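*Asks:* This is the structure I want to talk about, given as structure tokens.
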Amino acid sequence: MNYLIGVTLLWSFSFSLIGVYLAGQVDAYFSVLTRILLASLVFLPFLRKRWLRPDLALKLMGLGAIQLGLMYLFYYHSFLLLTVPEVLVFTIFTPLYVTLIHDLLERRFKPSYLGAAALAVLGAAVIRFDGLTESYLLGFLVVQGANLCFALGQVGYKVLMAREAQQPPQHAVFGCFYLGALAIALPAWWLLGKPQYPSTGLQWGILLWLGVGASGLGYFLWNKGATLVSSGVLAIMNNALIPAGLLVNLLLWGRETDLPRLALGGLLMLASLWLCRPGKRARA
């Protein structure tokens, strides 16, 4: 749980940084490639051949291609179609995808986890729903593509690690995850990218932070945290980024925030976590 909380705080800066400083100013494909390349450089030195069976390496690469490569392509383009608040609104459905995909992979159904995820969605909607622009349908579909990729990747990683008979040190194999993402980002930039590169030191610095911190450390710690909690808690934590992101906007950028709605939505999310508490699972 501590991993997920820490990464939520780490990622809470990303929405505003991308929406304000990169979207529409730096080519989305170049931004995605740069983030993934920097993340790869962080973890490639930790790869250890003794733990890298070919099947495990290919599965990790596939998950990275989906959770990071495809997700980023959807995610960055959503900022060209939607405002930052709208992107936040449309990410609220991720907990439902996490719960349903995990139940599908495990061939079971836990209505209590689905109910808790739905409560987390309601809490996020209370916090962030401010009305939408008229031309939002395409943006909505693009964000749902990002949500599905992100959910499938983290749940797939959780299930993959749980089924490993001999648990490898996760940092010793996680570089394959970024190599899979790179296999998507590099040809996408080569074929579809535009010569729209960072023009200021601030933009380069933001890409460096997003690549090494938010992507490099962030995805490793998030997926590692996913292996240590239930699917219900994992689903709910996917929406914790919304109040965290709003608090960052309030405290650092002075953006106006509806504090009563933030408090009510936060309480609903805490209630959803309470429904997934370990003691409840043990009694069940």
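*Asks:* Express in nm, to one decimal, how much length is gained between L41 and L141 on full extension, taking 0.36 nm for each residue of separation and deducting their alpha carbon distance.
*Replies:* Separation in residues times 0.36 nm, less the Cα-Cα distance, equals 32.8 nm.
*Asks:* Further, regarding this structure: With a ≥ b ≥ c the root eigenvalues of the C-alpha gyration tensor of segment 1-40, is it rounded (a/c under 1.5), prolate (a/b larger than b/c) or oblate?
*Replies:* oblate
*Asks:* What's the FRET efficiency of K194 with L58 using the Cβ-Cβ distance as r and R₀ = 30 Å, to the nearest 0.05?
*Replies:* For R0 = 30 Å, the calculated efficiency reads 0.40.
*Asks:* What does the accessible area of H77 come to, in Å² to the nearest 10, when a probe of 1.4 Å is used?
*Replies:* Its accessible surface works out to 60 Å², give or take rounding.
*Asks:* Ok, one more. In square angstrom, rounded to the nearest 10, how much accessible surface does Y29 have for a 1.4 Å probe?
*Replies:* 40 Å²
*Asks:* Could you report the accessible area of I5 in Å², rounded to 10, computed with a 1.4 Å probe on the protein chains as they sit in the structure?
*Replies:* Accessible area of I5: about 80 Å².
*Asks:* Moving on to the next point. Excluding Y29 itself, calculate the net charge of residues whose Cβ lies under 15 Å from the Cβ of Y29, where each Lys or Arg counts +1 and each Asp or Glu counts -1.
*Replies:* +1
*Asks:* At what distance in nm do the modelled label points of L247 and W51 sit from each other, each positioned 7 Å from its Cα along Cα→Cβ?
*Replies:* 3.2 nm
*Asks:* Assuming a ≥ b ≥ c are the square roots of the Cα gyration tensor eigenvalues, decide whether segment 146-242 counts as rounded (a/c under 1.5), prolate (otherwise, with a/b larger than b/c) or oblate.
*Replies:* Verdict is prolate for segment 146-242.
*Asks:* Within 14 Å, Cβ to Cβ, of F174, how many net charges do the neighbouring residues add up to if Lys/Arg are +1 and Asp/Glu are -1?
*Replies:* +3
*Asks:* As a test of reading the structure, rank K224, K59, K194, K158 by solvent-accessible area (1.4 Å probe, protein chains only), most first.
*Replies:* K194, K59, K224, K158
*Asks:* Cβ under 13 Å from M161's Cβ, M161 left aside: what net charge do those residues give with Lys, Arg +1 and Asp, Glu -1?
*Replies:* Summing Lys and Arg as +1 and Asp and Glu as -1 gives +3.
The values are calculated or read from the model by the stated rules, or taken from the named source; none is laboratory data. Nothing here was measured: the structure is a model prediction, and the numbers come from that model. Note that each Cβ is placed from the backbone with ideal geometry, even for glycine, and that neighbours are counted across all protein chains shown. To get the accessible areas, we keep the full protein, side chains included, count just its heavy atoms, and leave off ligands, DNA and RNA. Shrake-Rupley method; radii C 1.70, N 1.55, O 1.52, S 1.80 Å.
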